[in-house]
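The values are calculated or read from the model by the stated rules, or taken from the named source; none is laboratory data. Model, not experiment: these values are computed from the prediction. Ideal geometry is used to build each Cβ from the backbone, glycine not excepted, and the neighbour counts take in all protein chains shown.
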Amino acid sequence: MTILSIWSLIKKEFMLKKMLFVILLIPMFVVAQHTIKGTFSPAKDFEYAILYKVMPTTSLYIANAQVDSKGNFEFQLDSTVTKGMYRLVYAMPQEEFNFDIIYNAKEDVSLAFNTETGVKYNASVENILINSYTTSMSMVSQSIGNFYRQQSTDTLALAAIFKTQKETQVEYEKAAEGTIALQFIKANSPYIPEGFEDISTYIKNLKIHFFDHVDFDNEILQSSNFLIERTLNYVFGMTSEEDNEVVSYEKNIDEVYAAMKDANPVIKSTLLEILWQQMVDANFEDVANYIADTYLIKIAQTLNDIELVDGLTLFKSVSIGNKAPEFNVELGEGENKTEVSLYDLDMAQEYVVVFWSSTCSHCLNEIPKLQTYVKSMKEGKVKVIAVGLEDETSLSSWEKAIVKYPEFIHVLGLGKWNNDIGNSYNVTATPTYYILNANKKIIAKPYDFEAFKKYMDQK
């Protein structure tokens, strides 16, 4: 055997060993990189945790973890889990019960979350930095607030506070250099006066400069709750004492839109839709419709988001002040039974259209109360039109149930959630109440029976 052939064999053996070493090493890199772990308290309130990677227009499911009896959970992250913004969901509905986490793919993340005090990070430089920054700037803001509340005239003291605020901002930006956290620290940079300002001037300037450092096209900010929280804080927190709430909210919405007017239409649509939903939930229908009519419908049409356009249009059609959608009802019995339009009814000063179901426990609790309350009123004051949203399986139970309420006009809404009448009134839950005047205009939309009773008692 020649030296060349011996060397060839040695080389082949070396290469096989090297390949084997690499093959054995690969699973180590894939399986064990970093972890996101933590403790929830009180432990009994939590069952699971779900982790998503968040991008500007979508979320990618990463993993889920069981929460043990002590509230502990852990996610093992391999090398395919890249740096960026992540969202940890800890309850349902997911859009309400979550918080953001920075993961830089260089370090483990350890945290403790309490339902009352929020999240605290025990390990992870970037997340600890954000928490520390937020706490520090909050303390400075509290000092500014205390100064103005005390109506102090010590201008040097105020200048010292503003100096501390500026130095704090600068130092945290330096500390965060090269990190994802820097994006949030810069975007959160507050307005800091160069000299003394009275409280009215200071508040005015706070509002003017609220979005100075916010880039609505920044993908890191878009991949977090930051833009949503910033927008909501401005609209609800920067209201004017000179205007009523509706006017103040509408002005603030105009100013938010001006701040983000050059942003991606998808981002604008997302933020405006969240604002719209907040106004709906807070019963500011006029403001919700203002958002839709002035901005959101146009953007949704540009994006060809027909579902959103239809939803906004439907909501407006059943808003207070509009005429209720028409449907037919049956009056009388047997040979005397006739079908007439809701619009043709002339039986009461006001009408209550209630959407219910014979299989809905809340309905079975509230409908008898509604009956008792209406019977206590003067005859001709209120007439109840009860629309039963039922399917074929609950039809017999509905037929038995309506016998108990002979004073009501009963309408069968077969198809349950796919019923034309329910859809035209934008019904997504039962019971749902609409109060109409004699002309069939919507005058109130009470949340439940107690809200209905309160509304009627105040008249």
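Counting only strands (runs of 3 or more DSSP E) that sit completely within segment 348-458, those holding 1 or more residues that are farther than 27 Å from Ala282 by Cβ correspond to 382-390, 409-414. Go through the residues of segment 292-315 one by one and say whether even a single one is out of contact with any helix residue (DSSP H, G or I) (no Cβ under 7 Å at 6 or more places or on another chain), among the small types (Gly, Ala, Ser) and modelled with pLDDT of 95 or more. Yes, because at least one residue in segment 292-315 is out of contact with any helix residue (DSSP H, G or I) (no Cβ under 7 Å at 6 or more places or on another chain), among the small types (Gly, Ala, Ser) and modelled with pLDDT of 95 or more. Within segment 60-75, the set of residues being in contact with a Ser or Thr (Cβ under 9 Å, 6 or more places away or on another chain) and part of a strand (DSSP E or B) comprises Asn72, Phe73, Glu74, Phe75. Taking the criterion of being part of a loop (DSSP other than H, G, I, E, B) and surrounded by 16 or more Cβ atoms within 10 Å (Cβ to Cβ), the residues of segment 194-230 that qualify are Glu197, Phe210, Phe211, Val214, Asp215, Phe216, Asn218, Ser223, Ser224. When every residue of segment 235-250 is checked against the conditions, at least one turns out to be hydrophobic (A, V, I, L, M, F, W, C), over 27 Å from Ala451 (Cβ atoms) and in contact (Cβ under 8 Å) with a residue 24 or more places away in the chain.
Within segment 133-163, the residues that satisfy the criterion of being touching a helix residue (DSSP H, G or I) at 6+ places or on another chain (Cβ under 6 Å) and within 20 Å of Lys186 (Cβ to Cβ) are Tyr133, Ser136, Val140. Flag: Ser358 matches the condition of being among the small types (Gly, Ala, Ser), touching a helix residue (DSSP H, G or I) at 6+ places or on another chain (Cβ under 7 Å) and surrounded by 18 or more Cβ atoms within 10 Å (Cβ to Cβ). If you go through segment 257-283 one residue at a time, how many are within 16 Å of the chain's Cα centre (by Cα) and among the hydrophobic types (A, V, I, L, M, F, W, C)? Total satisfying the criteria: 9. Every condition in (1) within 21 Å of Ser224 (Cα to Cα); (2) at pLDDT 95 or above holds for Thr58 except the one numbered (2). The residues on offer are Ala65, Ala112, and the sole one that is in contact with an Asp or Glu (Cβ under 9 Å, 6 or more places away or on another chain) and modelled with pLDDT of 95 or more is Ala65. Of all the residues in segment 175-193, those that are closer than 30 Å to Asp154 by Cα and outside any helix (DSSP H, G or I) number 6.
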